[in-house]
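Working notes, beginning with the structure itself.
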Amino acid sequence: MNASSISPLTATAEADRSPEDIARAIQQAAGGITENVEKVIVGKRETVELIVVALLCEGHVLLEDVPGVGKTLLAKSVARSVDCSFRRVQFTPDLLPSDVTGLNVFNRKTEEFQFQPGPIIANVVLADEINRATPRTQSCLLEAMEERQVTIDGDTKPLPRPFLVLATQNPIEQEGTFPLPEAQRDRFLLTVRPGYPSAEDEEEILLRFERRNPVDTLAPAVSGADLTALQGLCREIPVDDAVRGYLVQLVRATRDHADVRLGASPRASQSLYRAAQARAAIQGRAYVLPDDVKALAAPVLAHRLVIDTDTRLGGKTAETLVAEIAGKVPVPTE
């Protein structure tokens with residue numbers, strides 16, 4: 001599959017479409033992206049599908065795990081699967097906000113200031129090891145991630161669409177890291193932790209990378225225009241009132257849990273809603289099930305929670321708390 005093979009999406013985006021047609025178009029395109037990424041990434045189908053969900057929602061992804069498990073490779077493979085502009089920023093303690101957003105430079109020939117765009121001016125931005133930069137530099141992404149714009153010296157510049165940030169970070173226990181503030185984490189649609197591969201997958205990795213890096217020859221699977229069309233189509237997947245009510249109850253339950261100091265925000269509700277629509281469409285369904293909401297609850301909600309210190313020291317994680325909450329909220333049966 002290549003970028004030009006999904007051009008029928010333009011026709012699908014016309015007014016005479018049905019929810020079933022929309023779901024089929026999204027399923028076909030999402031399957032092509034997934035298969036393309038899996039030419040590089042071994043044995044991580046669930047992880048890749050979560051990132052495809054984020055792509056369809058124009059949501060940002062935080063890849064968190066120990067060094068060496070392929071976070072950056074996964075992000076690059078996803079970026080190469082979309083025929084859009086791509087920039088990578090290596091976050092370090094000495095990185096300045098202007099190194100990311102760009103700055104106005106005085107041109108002596110014209111005697112005027114000219115804007116020199118930073119790497120944030122792109123469709124897909126890889127923020128590698130984002131938590132190695134200082135909080136000041138991290139905060140320069142807040143406006144870009146939420147409002148799809150940057151402000152330089154009082155001048156607001158819109159970012160190209162689609163716009164996605166794929167950020168990687170090492171666990172906060174690693175030396176030389178700065179924890180992301182709550183406002184920063186809340187702007188990520190979901191968090192993905194790839195984890196170590198199985199023995200069989202690790203052997204396949206050795207064989208696949210024996211002679212060359214397959215990401216170097218990876219071709220796009222979808223164009224930027226078609227990805228934008230897909231994102232609009234996902235919003236048209238219907239959600240039943242009962243499922244919507246279940247989603248709201250689930251999010252609100254995180255705010256009332258005894259072990260949670262800060263629960264999920266209304267932004268989290270919107271993120272979970274859009275992600276559930278995308279997951280349903282990826283599976284070829286023109287309707288959202290409670291199972292879609294429950295399957296995405298931990299990736300979408302866990303990184304937004306602030307849990308009590310005693311709870312964390314007792315061995316509980318935000319993921320286990322979300323699973324506990326999801327097990328208690330009544331699931332609609334009709």
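The values are calculated or read from the model by the stated rules, or taken from the named source; none is laboratory data. Worth saying up front: this structure is predicted, and the values here are computed from it rather than measured. Methodologically, a virtual Cβ is constructed for each residue, glycine included, from the backbone with ideal geometry; neighbour enumeration extends over all protein chains shown.
Can you name the residue in region 179-212 that is polar (S, T, N, Q) and touching a residue at least 60 places away in the same chain (Cβ under 8 Å) and, of all such residues, is farthest from ALA144 (Cα to Cα)? So that I can check it myself, show each step before the final result.
Here is the first cut: in region 179-212, the ones polar (S, T, N, Q) are 184, 191, 198.
Then keep just the ones that are touching a residue at least 60 places away in the same chain (Cβ under 8 Å); that gives 191, 198.
On the way: THR191: 18, SER198: 37 Å.
Here the answer is SER198.
List pairs: first in region 278-306 and under 17 Å from GLY245 (Cβ atoms), second of a type in the set (Phe, Trp, Tyr), Cβ under 6 Å, 6+ apart or cross-chain?
PRO290/TYR246
Collect the residues in region 196-218 that are surrounded by 14 or more Cβ atoms within 10 Å (Cβ to Cβ) and in a loop (DSSP other than H, G, I, E, B), keeping them in residue-number order.
Once the filter is applied, which keeps residues that are surrounded by 14 or more Cβ atoms within 10 Å (Cβ to Cβ) and in a loop (DSSP other than H, G, I, E, B), region 196-218 yields PRO197, PHE209, LEU218.
Would you mention how many residues in region 258-272 are surrounded by fewer than 22 Cβ atoms within 10 Å (Cβ to Cβ), assigned to a helix (DSSP H, G or I) and without any contact (Cβ under 8 Å) to a residue 60 or more places away in the chain?
Residues in region 258-272 being surrounded by fewer than 22 Cβ atoms within 10 Å (Cβ to Cβ), assigned to a helix (DSSP H, G or I) and without any contact (Cβ under 8 Å) to a residue 60 or more places away in the chain: 3 in total.
Of the conditions (1) crowded, with 22+ Cβ neighbours inside 10 Å; (2) farther than 19 Å from LYS294 by Cβ, ILE237 fails just one. Which one is it?
For ILE237, the exception is condition (2).
Go through region 94-115 and give me each residue that's among the charged types (D, E, K, R) and closer than 26 Å to ILE130 by Cβ. Break it down stepwise before answering.
First, pick out the residues of region 94-115 that are among the charged types (D, E, K, R): 94, 99, 108-109, 111-112.
Of everything in region 94-115, those that are among the charged types (D, E, K, R) and closer than 26 Å to ILE130 by Cβ turn out to be ASP94, ASP99.
Those residues that are more than 23 Å from the chain's Cα centre (by Cα), part of a helix (DSSP H, G or I) and under 25 Å from GLN184 (Cβ atoms), I need them from region 234-257; list them, please.
ALA253, ARG255, ASP256 - these are the residues of region 234-257 that are more than 23 Å from the chain's Cα centre (by Cα), part of a helix (DSSP H, G or I) and under 25 Å from GLN184 (Cβ atoms).
Quick one: how many residues across region 307-334 are touching a residue at least 40 places away in the same chain (Cβ under 8 Å), of a type outside the set (A, V, I, L, M) and not in a helix (DSSP H, G or I)?
Number satisfying all stated conditions: 5.
Considering ARG244, ARG255, ARG285, which residue is under 24 Å from THR47 (Cβ atoms), of a type in the set (Lys, Arg) and either surrounded by fewer than 19 Cβ atoms within 10 Å (Cβ to Cβ) or not assigned by TED's automatic domain parsing to the domain that holds GLN27 (or both)?
Numbers: ARG244 fails: under 24 Å from THR47 (Cβ atoms); ARG255 fails: under 24 Å from THR47 (Cβ atoms).
From the options ARG244, ARG255, ARG285, the qualifying one is ARG285.
Among the residues of region 134-151, count how many are assigned to a loop (DSSP other than H, G, I, E, B) and touching a Phe, Trp or Tyr at 6+ places or on another chain (Cβ under 7 Å). Give the steps one after another, and end with the answer.
As a first pass, look at region 134-151 and keep what is assigned to a loop (DSSP other than H, G, I, E, B): 134, 139-140, 148.
From the residues that got through so far, the ones that are touching a Phe, Trp or Tyr at 6+ places or on another chain (Cβ under 7 Å) too are 134, 148.
Residues flagged as assigned to a loop (DSSP other than H, G, I, E, B) and touching a Phe, Trp or Tyr at 6+ places or on another chain (Cβ under 7 Å) within region 134-151 amount to 2.
Which of the residues spanning region 102-133 are farther than 30 Å from SER223 by Cα and either without any contact (Cβ under 8 Å) to a residue 24 or more places away in the chain or assigned to a strand (DSSP E or B) (or both)?
Across region 102-133, the qualifying residues are ASN104, VAL105, PHE106, ASN107, ARG108, LYS109, THR110, GLU111, GLU112, PHE113, GLN114.
Given (1) farther than 30 Å from VAL100 by Cβ; (2) assigned to a helix (DSSP H, G or I), where does LEU227 come up short, assuming only one miss?
(1)
Mind listing just one residue for me: the one in region 160-178 that is more than 20 Å from the chain's Cα centre (by Cα) and surrounded by 13 or more Cβ atoms within 10 Å (Cβ to Cβ) and, of those, modelled with the highest pLDDT?
The extreme case among them is PHE178.
Return yes when LEU296 is within 24 Å of ILE33 (Cβ to Cβ), crowded, with 17+ Cβ neighbours inside 10 Å and at pLDDT 95 or above and no when it is not.
Values: within 24 Å of ILE33 (Cβ to Cβ): yes; crowded, with 17+ Cβ neighbours inside 10 Å: yes; at pLDDT 95 or above: yes.
Taking the combined requirement at face value, the residue satisfies it.
Can you tell me how many residues in region 39-90 are surrounded by 19 or more Cβ atoms within 10 Å (Cβ to Cβ), without any contact (Cβ under 8 Å) to a residue 40 or more places away in the chain and farther than 21 Å from LEU159 by Cβ?
Of the residues in region 39-90, 2 are surrounded by 19 or more Cβ atoms within 10 Å (Cβ to Cβ), without any contact (Cβ under 8 Å) to a residue 40 or more places away in the chain and farther than 21 Å from LEU159 by Cβ.
Within region 137-154, can you find the residues that are in contact (Cβ under 8 Å) with a residue 40 or more places away in the chain and out of contact with any His (no Cβ under 7 Å at 6 or more places or on another chain)?
Matches in region 137-154: THR137, GLN138, SER139, CYS140, LEU141, LEU142, ALA144, GLU146, VAL150, ILE152, ASP153.
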